[in-house]
Structures are given as structure tokens and as C-alpha cells.
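Contents: one structure, followed by commentary.
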Amino acid sequence: MIVAKSVLLFGLAALLEIGGAWLVWQGVREHRGWLWMGLGVAALGAYGFVATLQPDAHFGRILAAYGGVFVAGSLLWGMAVDGFRPDRWDVTGALLCLAGVGIIMYTPR
């Protein structure tokens, strides 16, 4: 149950951080305006709170593991929203990052 909660929190954190950064990008680079940027900043702030809900109490461990989720999530976001098509090296790198998440977060201590 704790692993499932942690995985869901990582997913929500990725959605908020990647989505927030994308909204800011759209506001600035695509000239969509202040509303998009403001929503992005709010999502990025919410990401910071979601990260604190992880069952593990070690900030460094959570953030290190989340880095792998961010890498894979960014590629998925790009595919879903921007039409990006990762090559085999993108996929291989993302899988290695997710393996790191598993090792850092879920191996017995």
C-alpha cells in the first residue's frame, strides 16, 4: 500500500511539475499570456507540496528518485502534448532512470 501511494504521488508530482513548466513555456515562448504563466506557477507550487506527502521522510532520497520520474514523464508529456517521438536512446535512458527510482525508493533498507 505504501509503494502504491508513493507511485501515485510521484505521478501527481510529475503532472504538476511538467504541466506547470509547459504552461509557463506556452505563456512565454508561444506568447499565450499571463494567465498561462500564472497557472503554470501555481501548478509548480502545488508540485512542491505534493512532494512533501511521500511516505519516506528523506528529502534527498525523494528528490533524487523523483528525478527519474521527471525524465520519463517529460518524454511521455512530449509525446502526448507536443507530438514528440522519442528514439530508442530516449526510451533506454528513461527506463534506466525508472530502474534508479525503484532502487532508490523501494529496495529494503
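For the reader, a short list of remarks on this structure follows.
- Only one of 48, 67, 33 that is more than 23 Å from residue 2 (Cβ to Cβ) and of a type in the set (Gly, Ala, Ser): 33
- Yes/no for residue 50 being of a type outside the set (Asp, Glu) and either touching a Phe, Trp or Tyr at 6+ places or on another chain (Cβ under 8 Å) or closer than 21 Å to residue 78 by Cα (or both): no
- Among the criteria (1) under 25 Å from residue 1 (Cα atoms); (2) at pLDDT below 95, the one residue 100 does not fulfil is (2).
- Residue 51 vs. criteria among the hydrophobic types (A, V, I, L, M, F, W, C) and at pLDDT below 95: yes
- The numbered conditions (1) within 15 Å of the chain's Cα centre (by Cα); (2) of a type in the set (A, V, I, L, M, F, W, C); (3) buried (at least 16 other Cβ atoms within 10 Å of the Cβ) are all true for residue 104 except (1).
The values are calculated or read from the model by the stated rules, or taken from the named source; none is laboratory data. Bear in mind the structure is a predicted one, so any value in this text is a computation, not a measurement. Note: ideal-geometry Cβ built from the backbone for every residue, glycine included; neighbour counts use all protein chains shown.
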